1. In this structure, does T232 turn out to be closer than 17 Å to I21 by Cα and at pLDDT 80 or above?
2. Name the residues in segment 109-137 that are surrounded by 15 or more Cβ atoms within 10 Å (Cβ to Cβ) and β-branched (V, I, T), would you?
3. F78: at pLDDT 85 or above, outside the structural domain of K110 (by TED's automatic domain parsing) and of a type in the set (F, W, Y), yes or no?
4. Looking at (1) outside any helix (DSSP H, G or I); (2) out of contact with any Gly (no Cβ under 6 Å at 6 or more places or on another chain); (3) not acidic (D, E), which is the one condition that is false for L36?
5. Have a look at K99, K29, K33 and point out the one that is in the same structural domain as G154 (by TED's automatic domain parsing) and either of a type outside the set (A, V, I, L, M) or farther than 27 Å from T186 by Cβ (or both).
6. Pairs please, first residue from segment 231-246 and not assigned by TED's automatic domain parsing to the domain that holds I23 and surrounded by 10 or more Cβ atoms within 10 Å (Cβ to Cβ), second anywhere and of a type in the set (D, E, K, R) and at pLDDT below 75, Cβ atoms under 9 Å, 6+ apart in sequence or on different chains.
7. Looking at segment 81-99, is at least one residue under 16 Å from M50 (Cβ atoms), in contact (Cβ under 8 Å) with a residue 60 or more places away in the chain and surrounded by 18 or more Cβ atoms within 10 Å (Cβ to Cβ)?
8. Yes or no: V69 crowded, with 18+ Cβ neighbours inside 10 Å, on the phi < 0 side of the Ramachandran plot and of a type in the set (V, I, T)?
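The values are calculated or read from the model by the stated rules, or taken from the named source; none is laboratory data. Every value quoted in this text rests on a predicted model; they were computed, and no experiment measured them. Positions of Cβ are backbone-derived with ideal geometry, glycine not excepted, and every protein chain shown enters the neighbour counts.
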Amino acid sequence: MNIKEGKYQLIVADGVTKHPIDILPNRHKKTIKQYLQKDGSQVQIVIMDMSPSFKAAVESVLGRPFIIVTAFTFVGIFHWALDGVRRQVQKEFHSYDRKKCKRIKHVLHKAQNRLTEDERWHVERYLGMSKELKTAYELKEVFREWFLKAKIQGQKNIGLVKEELKSFYKLVESSGIPEMMEAVKTFQNWQTEILNSFSYHYSNVFLEGINNSTKVLKRNAFGFKNFKRFRTKILLTHQYKGIGVHIG
C-alpha cells in the first residue's frame, strides 16, 4: 500500500547535521516550489541529485542558490553509457558470448587495476571482439582517472580539474560513440554543480541511509495510507534514533 499523495516521497534533510527536516508527499515541481516558498527563504546551499525538475523548482524560488551535485549521483553516468554500448555490440556476438558478456557487465565497471586474473581475461576477450566496446571501456577508465585526480586537486585547483574535464570531452567527441557523447552532454548540463562537489565537502550520501531505513519502516508497516502519519513516524524515528532506553 502507498499513500494516496504519491508512490515516491521526498526527504528534505540538513546537509550539516545530516538529520531529516521534513518529508514531502511527492516529488512534483509544484510541491517542491510551495515548500521552498514557505520554508526555504534562508537556504543558500542545496545538495541534490541530477533531477531537472528539482533544480528548476529550486532556482525558480531561490534565484541562483549554490547547488552541489555530489559524486554519489554522477559517477555512474559513464558506466550507464558503457552498458548501452555493450548491449548494442553484443547483439552481434554468438549466443554463448552474448550471454557471458551480459553476465560480466559489472566487471566492465570495475577499475582496470582491480581486476582479478579471470576477470581480466574475460574483459580482454570481449573488448577484443568489438573496437567500439574497447573504446568505450577505455573512455570509462579515463573518466575514472579524472575523477580520482579531481577529488585530490578540487579544493586547491578547480581550474585544472575543469581543463582536464574539457580534454576528456574532446576524447569522447573524437570517438563518435553516441552513448558516450550523450553522457558528456548530461555532464556538461550539470558541469558547474558537479565541479562544486570537488570544491566543497558537502555531500548527500547520508540520504541513502535515511532512504533505506524509511523503506524498511514502510515495508514493515505494510505501507501507509495516511501521509501525515507516515511523515510523523519517519521524523520521530530519526529524531529518537540512538536514544537508549534505561530502566532502573
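1. Values: closer than 17 Å to I21 by Cα: yes; at pLDDT 80 or above: yes.
Against the criterion (closer than 17 Å to I21 by Cα and at pLDDT 80 or above), T232 qualifies.
2. V123, T135
3. So F78 fails the test.
4. (1)
5. Numbers: K29 fails: in the same structural domain as G154 (by TED's automatic domain parsing); K33 fails: in the same structural domain as G154 (by TED's automatic domain parsing).
Just one listed residue meets the conditions, K99.
6. Correct list of pairs: empty, since none qualify.
7. Within segment 81-99, one or more residues are under 16 Å from M50 (Cβ atoms), in contact (Cβ under 8 Å) with a residue 60 or more places away in the chain and surrounded by 18 or more Cβ atoms within 10 Å (Cβ to Cβ).
8. In short, yes.
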